[in-house]
1. Determine the sum of side-chain charges near His167: Lys and Arg each +1, Asp and Glu each -1, restricted to other residues whose C-beta is under 15 angstrom from that of His167.
2. Tell me which of Met189, Ile162, Val115 sits at the most positive position along the dipole axis of the chain, charges placed on C-beta atoms (Lys, Arg +1; Asp, Glu -1).
3. Answer rounded, prolate or oblate for the stretch 1-117, using the Cα gyration tensor with square roots of eigenvalues a ≥ b ≥ c: rounded when a/c is under 1.5, else prolate when a/b is larger than b/c, else oblate.
4. Would you mind counting up the charge near Leu9? Only other residues with Cβ under 14 Å from its Cβ, with Lys and Arg at +1 and Asp and Glu at -1.
5. Between the stretch 166-208 and the stretch 1-65, what's the alpha-carbon centroid distance in Å?
6. Taking just the alpha-carbon atoms of the stretch 14-224, what radius of gyration and Dmax come out, in angstrom?
7. Measure up Lys59/Lys194; Lys92/Lys224; Lys181/Lys209 against 25 Å on the Cα-Cα distance and list the ones that go over.
8. Calculate the dipole size of the chain relative to its Cα centre from +1 charges on Lys and Arg beta carbons and -1 charges on Asp and Glu beta carbons; express the result in debye to the nearest 20.
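Every number here is computed from the coordinates shown, using simple stated rules; none is lab data. Please read all numbers here as calculations on a predicted model, not as lab measurements. Counting neighbours? That spans all protein chains shown, and the Cβs are built from the backbone with ideal geometry, glycine included.
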Amino acid sequence: MQFINKHHLIPPDWDAWFTTANGRRTYDYEADYGELHNLDLAKNHLINEQNGLCAYCQKQLTISTASIEHIVPKSQNKALSTNYYNLVAVCKNPPVDPLNNKRHCDKERGNKLLVNIIMLQDCQVTKTKNHSYFAANSDGSLSTKHSIIQELSDPIDAFLNILNINHHSILKNNRAQLLHKIIEPSKNMSHSEKSRYYRAQFHRILNDKRIEYRQYLLIWFGNKIGIN
Ligand SMILES: [Zn+2]
């Protein structure tokens, strides 16, 4: 759910990363996969491009916990399967959520089609407005924003459900713990001190693109200071 900025040049080594040792580049990820020995370099590039966070849930990624995800699934469009603009880094193989027996991100997405909000810059939280399609709740969960138009609420519900963005034991709990750690110092503050503190936290998070679960936190703090 973070905006992935692809509005710059294709990395100069991109083609080399998707060329096999014997010089084959079929533009077919599936066919070449076992022979692409520099895929970690491509993965590393994508992770850095995303400020170290999963494109879907904004959990922190490393080379070993990330996989290369095709926004348009490779089963639907082979020609896009090694295209820079179609690839992002996401969580690879997280533990199963005991509540619904599901993992999250790549493992749950499979070949299902999703509304492509991660490529839309105007679906973000800004200094003055929450343009995202989500509401952030204090229990760590994310839900579809009530005010979004009817035609979009079903695809956004599907985005949250298919990717299991409210994976209870990892994503929802981690977000709640992080939120409560940040708001802990404000416990005994007066109303106006609290609102100044929340404003400062909102701007701190807005200015740091590497903060885990960043969009959830921006939506939550934004809501507390009147940015909806
Ligand atoms: Zn993820």
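1. Taking every Cβ under 15 Å from that of His167, the sum is +3.
2. Sorting the options by dipole projection puts first Met189.
3. Prolate is the answer for the stretch 1-117, as a/c is 1.5 or above and a/b outweighs b/c.
4. Counting the neighbours of Leu9, the net charge comes to -2.
5. Rounded to whole Å, the Cα centres lie 33 Å apart.
6. Cα-based Rg and Dmax for the stretch 14-224 come out at 18.8, 68 Å.
7. Pairs exceeding the cut-off: Lys59/Lys194; Lys92/Lys224.
8. Here the size comes out at about 820 debye.
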